[in-house]
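Bear in mind these aren't lab numbers, they're just calculated from the coordinates by the rules spelled out. Everything quoted here is computed from the prediction, not taken from an experiment. Every residue, glycine as well, gets a Cβ built from its backbone with ideal geometry; the counts of neighbours run over all protein chains shown.
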Amino acid sequence: MNILIIANNSDCGIQKPCMEKVASESELKRVTEGHHETAASLGTWRQAQESNMSVRALKAGSFPLIHHISGWLCALGYTLTPPGDSPCARVGHSCSYLPPVGDAKRGKVFIVGGADPNRSFSDVYTMDLGTHRWDLATSEGLLPRYEHASFVPSCAPHTIWVFGGADQSGNRNCLQILNPETRTWTMPEVTSCPPSPRTLHTSSAAIGNQLYVFGGGERGAQPVQDVKLHVFDANSLTWSQPETLGKPPSPRHGHVMVAAGTKLFIHGGLAGDKFYDDLHCIDIRDMKWQELSPTGAPPTGCAAHSAVAVGKHLYIFGGMTPTGALDTMYQYHIEKQHWTLLKFDNFLPPGRLDHSMCVIPWPVRCMSEKEDSNSATLNYDTEEGDSTDQGVTQGGDSHEESQTDTLLCFVFGGMNTEGEVYSDCIVTVVD
């Protein structure tokens, strides 16, 4: 997937982003070979006659929290505005969580790369979950890229590896590794043949030491025609293309690819003007593709959405359809093969596409039941001792307090189909 239409300007030799919205679905077919279109745009933006369109960014650091009560997701009005150097509005970035190292009590969220209408980024931002501060990490060596794949291999759990993506000059197929302690990027020596250059926006397609690559964006609204499953092993630094059984998904880009246990799931995506709503699975133990037929309320055909796996469930959020950006979140039960559209009270984040999402642990204070008590409080104590606790408490006053971690889906950035690019953070409880 890509996110901007980049058109060659013959007058000055400069490539310029194009931000004029196409009104009808039929315009999806009008992408010309002369344009290098970012895939998150999905063919819905075309060359602008003027380049002075403003892109409005939401205020950075908005952190509404959503709490899980009695099986329903309900907004409680929590806000947290992390201080420090926060990322600017962007799309096509990756979002990864790394556990704490050394004396740190909490891990960090890493925002890597991405793009806006004017440029693609080579920066790295971190949010420290212990201090709740943003920091611009002065990491050197990252090639500017957006709509890349990222993963954290089990053999190097405190590093972030990125593959593929694109910048204004075209698609990439190289790998780079971030060492957060030294704040440097390196490029490993890979001896085997990598996949062709492509965009593939995912942070959830790794099992153990291995990153799995299927499909991706080639040019304009067209995907690569390669339907092989490519596997990169971070331990041996090799690519392979194992033989698979069954019928693989059709060529596509903008799909989500998420690993759960030994299984890889692919949902949605786009090829030309066709949006997919199918769900495919391959188990790496037998390498057999299956197209699933889930029950429940399945997501509509979409692309440029995000996905994570938590326990027995997959969660997908946002994305784009022919009619606009989505603000919906779906839960898929892996064992029951059942889709559920999650319901929210009061709060819905703006619909978006080409955002990024990861799972983070968050401390929760639990009250034991000495009398008729039942409460849980999300904890915002920082490592410096500051506290901004808020919570929901029901029942009596007699209780004992303990603390545990809950899991949150953390979403950053993205855009809508009106040209609004986001720099906000949104979260929801998922465990």
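Taking GluC sites (Glu not before Pro) across region 122-188, the ones in a DSSP loop with at most 14 further Cβ atoms lying within 10 angstrom of their Cβ are E181. The H on the amide N of I207, modeled in the peptide plane, is under 5 Å from the matching H of Y212, each at least 5 residues off or on a different chain.
Using θ = phi - 60° in the Karplus curve 6.51 cos²θ - 1.76 cosθ + 1.60, the 3J(HN,Hα) couplings for region 125-131 round to 10, 10, 10, 7, 7, x, 9 Hz; x is entered for Gly and Pro. Among I316, I207, sorting on how many other beta-carbon atoms sit within 10 Å of each Cβ, with the fewest leading, yields I207, I316. Applied to region 292-307, the Karplus parametrisation 6.51 cos²θ - 1.76 cosθ + 1.60 on θ = phi - 60° returns per-residue 3J(HN,Hα) values of 8, 10, x, 9, x, 10, x, x, 6, x, 7, 8, 6, 9, 10, 8 Hz, with x for Gly and Pro. Among T138, T159, T199, T321, sorting on how many other beta-carbon atoms sit within 10 Å of each Cβ, with the fewest leading, yields T138, T159, T321, T199. Computed about the Cα centre, the dipole magnitude for region 85-355 is approximately 280 debye when only Lys and Arg (+1) and Asp and Glu (-1) carry charge, each at its Cβ. Based on the reciprocal of the average 1/r between different C-alpha atoms, the Kirkwood radius for region 85-355 equals 19.0 Å.
Amide H contacts for I160 (H built 1.01 Å from N in the peptide plane; partners 5 or more residues away or on another chain; cut-off under 5 Å): L178.
Here V190 and S169 are evaluated by their C-beta separation; at R0 = 35 Å the FRET efficiency comes out at 0.95.
Which trypsin sites (Lys or Arg not before Pro) does region 234-308 hold that lie in a coil by DSSP with at most 12 other beta carbons within 10 Å?
Working: sites: R252, K263, K274, R285, K288; in loops: R252, R285.
Sparse-neighbourhood loop trypsin sites (Lys or Arg not before Pro): R285.
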